[in-house]
Amino acid sequence: MKKYIKIFAVSTLLVLSACSDDFLENTPYTDKVAENFYKTPKDAFQGLVAVYDALQQEDGFGGFLLTSEIASDNCFGGFGTADPETVLGWDRFTYGIDLEMNNPVWKNCYKGIYKANILLENLDKVNWGSDPSLKTRYEAEAKFLRAHFHFELARMFGNIVALDHTLTASELNLPRVEPEITYALIASDLKFASDNLNNDNYSQPANVNYGRITKWAAESYLAKAFLFYTDYYKKPDLAGVVTKAQAVTYVNDVVNNSGHGLIADFSHLWLAASLANYAGEGNTEMVWAVRYNGSGKGDWNLHEGNRFQVNIAPRGGDIGVYGTGWGGAPVTKKLYDAYENGDTRRDATIIDYVGEGLNFDPIAREQRQYTGYSWKKYCRITIAAGSTLGAGDFQIDNYEDYAVIRFADVLLMAAELNLDSNAGFAQICLNKVRERAFKDTAHNLPVTLPVIMNERRLELALEGSRYFDLIRQGTAVAKAAIDNTNSDPQFNVTFRIETLGWFPLPQSQILLSNGAISQNPGWN
């Protein structure tokens, strides 16, 4: 889904990093605009592709994945000793070095929301001919994506501006709303997608619809939103839209009927951990992933490739099978030590330089906050090790997909949601994850909430879940996990409870709002 149209229309200050009177007064200058474009199903499909395209621009430096993992107890900030210290703000919960440190997430998510709203507002203009059900499908996919962008914003910033329509000129300075309003929109969008998409599973690349949103992705995401909202805000249901019983029904449907499952070997999920044994991006465990490809164009104006991977790859040149990168987010020893002996996930998740016999000289490579460990998940590999990067730019043309929801995550959410009502099923779900990890049944544990949360930490490490799993359990839990005291002050971290777990808003967005938006607590 790479080819897309760009629809130029009056947008919102929320999406822009800057604005001018000229911009607001100019008429659209592209050949096709929303007012005259949407006529045929093909037009609508191009509009839908534009929404999907926003996903590929989410991550990279300052994106959701990198930021949240650095803020968690999984990683420090890292990068080079001479690099800007922006990452230390995420690592140490400080704000002042770079007041725009979180603008990439804010800006890109609102761009995605804007594109989704443009499509949704124009579906009625399309002549659907003999296939009116196509309209419902496109609506469901667009609403899922709109919910995804809102959910990323709401988890990072707390109260946000929830947008179910494109803004008029009089609405450009809207205030943030209470979380129940945002989550009611998220829940309604995901419920519509869950209830209106068919039972297809597009996990295989040969499928013509490979990579598109499915019913199973929507049901899984509903469970994820339910757990975060009800835990963090101490609510009994998802903003009055989805009850716990409904959330259980949705997640159990994915477990029992989706056709998704765990692949046999955890390491085969990740290219750098498995090389020739890599299961590939289109494996049955991937319920929903952001798709990338190594197009080899080396064009910075395109967003085809994965721009995140270079950030966490080893700094200072190739080493072993691992391709060079910027050395961001070095993994903590605490995470490495959290894995039990025999847990196959540790060595598939983390590069242990000494343990793997790799001579990594942090001084020569100018590595900040060297711990001896870095990411194996999502790490680049060398051409000699089997990379198909070819003529592409190693900074922007990496191709491994970002797994937003794996079936293992679904199983652990099902264990959590069924714990009180169907402990037997919860135990089965937990056992499947641990038995794959240890390749035996001897390491199974009785299912409890602390056991499930620890299992989420180990199974989903470096996948963007840990920080939000901590703060949904309470800021005291987050502080106990994240705080770090070390004889070397570069590793000292103090989580600040007064922030409530939210990240600071970009200063530009506060200024552009003309007083409608104020900074999050604890960051002034």
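No value in this document is a laboratory result; all are computed from the given coordinates. What you are looking at is a predicted structure, and each value in this text was computed from that prediction instead of being measured. Neighbour counts run over all protein chains shown; Cβ positions are idealised from the backbone, glycine included.
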Once phi is turned into θ = phi - 60°, what whole-Hz ³J(HN,Hα) does the Karplus curve with 6.51, -1.76 and 1.60 give for every residue of region 215-221, x standing for Gly and Pro?
3, 5, 5, 5, 5, 5, 5
Quickly estimate the mean residue ellipticity at 222 nm for the chain, helices only: each DSSP H run with n ≥ 4 gives -39500 (n - 2.57), and the total goes over all residues, rounded to 500.
-12000 deg cm²/dmol
Computed over the Cα atoms, what is the radius of gyration of region 401-524 divided by 2.2 N^0.38 Å, N being its residue count?
1.37
Using only Cα atoms, what is the ratio of the radius of gyration of the chain to 2.2 N^0.38 Å?
0.94
Counting sequence-distant residues (5 or more places) and residues on other chains, those with an amide H built under 5 Å from that of CYS75 are THR332
Mind computing the radius of gyration and Dmax over the alpha-carbon atoms of region 207-333? Å is fine for both.
18.8, 53
Under 5 Å between amide hydrogens, which residues at least 5 positions from TRP288 or on another chain qualify, with H placed 1.01 Å from N in the peptide plane?
VAL404, ILE405
Using the Cα gyration tensor of region 268-318, with a ≥ b ≥ c the square roots of its eigenvalues, what is the shape: rounded (a/c below 1.5), prolate (a/b larger than b/c) or oblate (neither)?
oblate
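Please get the size of the charge dipole for region 62-143, origin at its Cα centre, with Cβ charges of +1 on Lys and Arg and -1 on Asp and Glu, quoted in debye to the nearest 20.
420 debye
Go through 57-67, 390-400, 205-215 and give me the packing order, highest mean Cβ count within 10 Å leading.
Highest-to-lowest ranking by the protection proxy: 57-67, 390-400, 205-215.
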Quick one: plug the Kirkwood hydrodynamic radius of region 329-469 (C-alpha pairs) into Stokes-Einstein at 10 °C, 1.306 mPa s, and report D in µm²/s.
93 µm²/s
Positive-end residue, region 321-403 charge dipole about Cα centroid, Cβ charges, pick of TYR353, GLY325, ALA338:
ALA338
For region 348-390, alpha-carbon Rg and Dmax in angstrom
11.9, 32
Under the Karplus relation 6.51 cos²θ - 1.76 cosθ + 1.60, θ = phi - 60°, what is the ordered set of whole-Hz ³J(HN,Hα) values for region 327-337, x standing for Gly and Pro?
x, x, 6, x, 6, 6, 5, 4, 5, 4, 6
Using a Förster distance of 56 Å, how high is the FRET efficiency between ILE497 and ASN127, based on the Cβ-Cβ distance and rounded to 0.05?
0.50
Report the full-extension gain for the segment ASN444 to THR249: residue separation times 0.36 nm, less the Cα-Cα distance, to one decimal in nm.
67.7 nm
Hey, what do the phi angles of region 408-419 turn into as Karplus ³J(HN,Hα) couplings, whole Hz, using 6.51/-1.76/1.60 and θ = phi - 60°, x for Gly and Pro?
4, 4, 4, 4, 6, 5, 5, 4, 5, 6, 8, 4
Looking at this model, which pairs from LYS111/LYS297; LYS42/LYS111; LYS244/LYS479; LYS39/LYS143; LYS215/LYS479 are more than 26 angstrom apart at the alpha-carbon?
LYS244/LYS479; LYS215/LYS479
Starting from the amide H of ILE381, placed 1.01 Å from N in the peptide plane, find each other amide H under 5 Å away whose residue is 5 or more places distant or on another chain.
GLY323
